[in-house]
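Just below is one structure, and these are the notes that go with it.
The values are calculated or read from the model by the stated rules, or taken from the named source; none is laboratory data. All of these numbers come straight from a predicted model, not from anything done at the bench. Every residue, glycine among them, receives a Cβ derived from its backbone with ideal geometry; neighbour counts consider all protein chains shown.
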Amino acid sequence: MPPLVTRFAPSPTGHLHIGGARTALFCWAFAKKSGGRFMLRIEDTDAARSSLESARGIIEDLHWLGIVNDLGPFIKPDGTIGQHDWEPNSGRPPVGEYFQARRVAIYNAYLERLITSGRAYPAFDTNEETEKQRAAAVAAKQTYRYPRPADIEFGKYTPAMQERWKRAEAGERHVVRFAAPNEEIVVHDEVLGDVRYAPGEMDDFVIRKADGFPTYHFAVVIDDETMGVTHVLRAQEHLNNTPRHVALQKALTHPDGTAFRIPLYAHMPIICNMDASKMSKRDKAKAARKAAKDAMAKDKSVTAESLIEAMNAQSSKQQSSNQGTSQGTSAVGADLSLLPAFLSGDNDNVQVAEALAAHFKIALPEIEVWDFKKNGYLPEAICNFVALLGWNPGLKTPDGKDLEKFDNAFLASHFGLDRIGKTASKFDRNKLLSFNADAINGLSDEEFAKRWREWCTEFEPAFAQKLDGVDSPSQREGAGGRVLSSPSSPRWLALAKAVKARAKTLRDGVKSSAFVLRDDAATDFDPAAVEKNLKANNNQGLTLLRTAFERLQGVDEATWNAATLHALIEQVGQQAGTGLGPVSQAIRVAIAGAAVSPPLGESLAVLGRRSSLARIDTCQKTLAT
RNA sequence: GCGGGCGUCGUUCAGCGGUAGAACGUCAGCCUUUCAAGCGGAAUGUCGGGAGUUCGAUCCUCCUCGCCCGCCCCA
């Protein structure tokens, strides 16, 4: 009996979309649960938009999420792309290629059979012609369907048809269209039930483009069949494509005459933004465009040209200052000549959007898995959260609550099609954040320290280097820009402990640790904090600070740790009769420049004796007057 | 316009014939050296609207409204 096979089939035109991640996760979980195989296939038939880099990125994103495919491409330790294929005794022939662009010969072979059965024909209309007809139909508020040419007879390979093929073979530019059947098509869906499409709904859609590549519809059907895919799980936006696929499956045959099988379909709900629009990569473009438009409306001197100039200047500056440390930070590699068209809404180029966002210092919505990674989300939190978008285990926790915290292993043993919902889900970022905070808190201090440090090294290199104790550029270069000291670096661990409980994301950890980066001689103290915590009550804070400073000086390097420092500060507070609070705040402002920092003992410990004392000293001198 | 799908607290989801539960968010409380976190609480829903079937409907039927998706030589 052939195994159950699911597949995730992204087109490599950018990073992995969060919705794609859910689809992949469900496909993976379903295959695992059923003892089947999970396949990855790359749909790169759009030569202009596809790139190998994107394919690689998507595979990496999936791997990061813990979604590992049994079949199809993977990245080898040496960085090259390899392929898992059906093994010789699996009962299935090897697939060979999992990139569609390399399978064109296969599609053409099947197309040949469709031609001779009178179910496919070349069409010579130019793009402009069909576009004009479509526009006319829209203007007349009518449904556009490509009209089948009069000389085409459904299911017959007629002389007229042969005539068309002669023109095509002579090199005339053409597409190939599928002669759609005039019959009701029923899509059996595991989630939605039977979905019926009336006869005449479907027109003769294109199955091979003028460049010789198959369209999505054709490639999908051939691939799913020839690769052994048994279950197609995808988002509901594909539902209306399915009758086309079913019609194709019914029309297609193998060389030995056997028919195609129709896989089991399961369409899962769409993931929407909180405003109920579909969550898509275009949302980034929308946000960036809005920022630019707002700026231009406010200030007439801001134009596309001035923006390009400013952004170019910015990017060259960044490049020189980022030398050797730009690991993970996306270089401003946008083609800014696209900007005018971008602003008018004629393209949604992500690089342009990101460049604009950097220029206006706005945050683009997180849409792709990489965005979430960059902003400090943990893969387990993303998987858990995303799994709940359109599915739930229907189980209770021991104390009677709905079970909603689980890992991928749980999914692999509990996921089923029967509990997939039908309603579109809104992507509630607050809830994700809460899941992420819980995931972070569920980590041991050591594990958190390790992962936080890895993340910082990639996304906050300046911070990571500071904490690694590597300050000079020469040291950096010596290790190729990626310095990793001992994995259990005590500074990292100390700071990690201090930061973990309050961090909802890994990036939060950096934010609340920003004081570490402060210059020991910095004199910019938050005025409000100074007023409240140092100068109020006749310089009470400063007095306490002086006392504390003297006592701290008495602590030597060896005993400079969170516990002893905390005890000492507490003592100072007691002796002064003020309690811990005022003393803490005074010191906090002195060492952090603001009224907020991680717990003081930890903060002082992480800073170290020398820096801590230097900062307090600076503070006292600055405010002495 | 045509086709398809969907409508349960603000949000994600349970419940599927006996007038609704959880989580996130919100609010106040406790704790507290700041900010958080944590803990224990509270509020929030005429189950989109109308009609029908039924002793009884969020759950079944019909109608209606709303929202979303698709209608590319994109996938």
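Taken over the range A:59-107, the criterion of being outside any strand (DSSP E or B), within 25 Å of A:F218 (Cβ to Cβ) and in contact (Cβ under 8 Å) with a residue 24 or more places away in the chain is satisfied by A:N69, A:W86, A:R92, A:V95, A:Y98, A:Q100, A:A101, A:R103, A:V104, A:I106, A:Y107.
State yes or no: is A:T215 touching a strand residue (DSSP E or B) at 6+ places or on another chain (Cβ under 6 Å) and within 8 Å of RNA strand B (Cβ to nearest atom)? Even if it seems obvious, please write down each step before you answer.
Working: touching a strand residue (DSSP E or B) at 6+ places or on another chain (Cβ under 6 Å): yes; within 8 Å of RNA strand B (Cβ to nearest atom): yes.
Yes.
When A:A55, A:A21, A:A47, A:A29 are screened for being in contact with a Phe, Trp or Tyr (Cβ under 7 Å, 6 or more places away or on another chain), of a type outside the set (D, E, K, R) and either in a strand (DSSP E or B) or under 30 Å from A:E380 (Cβ atoms) (or both), only A:A29 passes. Counting the residues of the range A:553-571 that are within 47 Å of the chain's Cα centre (by Cα) and either part of a helix (DSSP H, G or I) or closer than 16 Å to A:C619 by Cβ (or both) gives 12. I need the full set of residues from the range A:204-221 which are surrounded by fewer than 24 Cβ atoms within 10 Å (Cβ to Cβ) and hydrophobic (A, V, I, L, M, F, W, C), in order please. Residues satisfying the conditions are A:F205, A:V206, A:A210, A:F213. So for the range A:605-625 (the condition being touching a residue at least 12 places away in the same chain (Cβ under 8 Å), within 25 Å of A:V499 (Cα to Cα), among the hydroxyl-bearing types (S, T, Y) and within 13 Å of RNA strand B (Cβ to nearest atom)), does at least one residue qualify? No: zero hits. Number of residues in the range A:344-363 that are under 15 Å from A:R49 (Cβ atoms) and charged (D, E, K, R): the value is 1.
How many residues, within the range A:515-543, are under 27 Å from A:F448 (Cβ atoms) and either exposed (fewer than 15 other Cβ atoms within 10 Å of the Cβ) or touching a Phe, Trp or Tyr at 6+ places or on another chain (Cβ under 7 Å) (or both)?
First, the residues of the range A:515-543 that are under 27 Å from A:F448 (Cβ atoms): A:515-518.
In the following step, the residues that additionally are either exposed (fewer than 15 other Cβ atoms within 10 Å of the Cβ) or touching a Phe, Trp or Tyr at 6+ places or on another chain (Cβ under 7 Å) (or both) were identified as A:517.
Final tally of qualifying residues: 1.
Within the range A:391-401, if we keep just the residues that are surrounded by fewer than 23 Cβ atoms within 10 Å (Cβ to Cβ) and not polar (S, T, N, Q), the residue that is farthest from RNA strand B (Cβ to nearest atom) turns out to be A:P398.
So which of A:A139, A:A210 is more than 26 Å from A:I262 (Cβ to Cβ) and within 8 Å of RNA strand B (Cβ to nearest atom)? Before the answer, list the steps.
Working: A:A139 fails: within 8 Å of RNA strand B (Cβ to nearest atom).
Unique residue meeting the criteria: A:A210.
If you go through the range A:69-79 and keep only what is surrounded by fewer than 14 Cβ atoms within 10 Å (Cβ to Cβ) and out of contact with any Gly (no Cβ under 7 Å at 6 or more places or on another chain), you end up with A:P77, A:D78, A:G79. Taking the conditions (1) on the phi < 0 side of the Ramachandran plot; (2) at pLDDT below 85; (3) within 15 Å of RNA strand B (Cβ to nearest atom) in turn, A:E404 satisfies each one other than (2). Please find, within the range A:125-153, the residue that is modelled with the lowest pLDDT out of those that are out of contact with any Asp or Glu (no Cβ under 6 Å at 6 or more places or on another chain), part of a loop (DSSP other than H, G, I, E, B) and surrounded by 13 or more Cβ atoms within 10 Å (Cβ to Cβ). Only one residue tops the list, namely A:Y144.
Taking A:D78 as the residue in question, decide whether it is more than 18 Å from the chain's Cα centre (by Cα), modelled with pLDDT under 95 and within 16 Å of RNA strand B (Cβ to nearest atom). Working first, answer last.
Numbers: more than 18 Å from the chain's Cα centre (by Cα): yes; modelled with pLDDT under 95: yes; within 16 Å of RNA strand B (Cβ to nearest atom): no.
No.
Set side by side, the residues A:I569, A:I587, A:I591 differ, and just one is touching a residue at least 24 places away in the same chain (Cβ under 8 Å) and either in contact with a Gly (Cβ under 7 Å, 6 or more places away or on another chain) or more than 10 Å from RNA strand B (Cβ to nearest atom) (or both), which is A:I591.
Being touching a Cys at 6+ places or on another chain (Cβ under 9 Å), small (G, A, S) and either more than 13 Å from RNA strand B (Cβ to nearest atom) or in contact (Cβ under 8 Å) with a residue 12 or more places away in the chain (or both), is that true of even one residue in the range A:534-542? No - not one qualifying residue is present in the range A:534-542. Can you name the residue in the range A:434-449 that is more than 7 Å from RNA strand B (Cβ to nearest atom) and buried (at least 16 other Cβ atoms within 10 Å of the Cβ) and, of all such residues, is farthest from A:L233 (Cα to Cα)? Out of the qualifying residues, it is A:A449.
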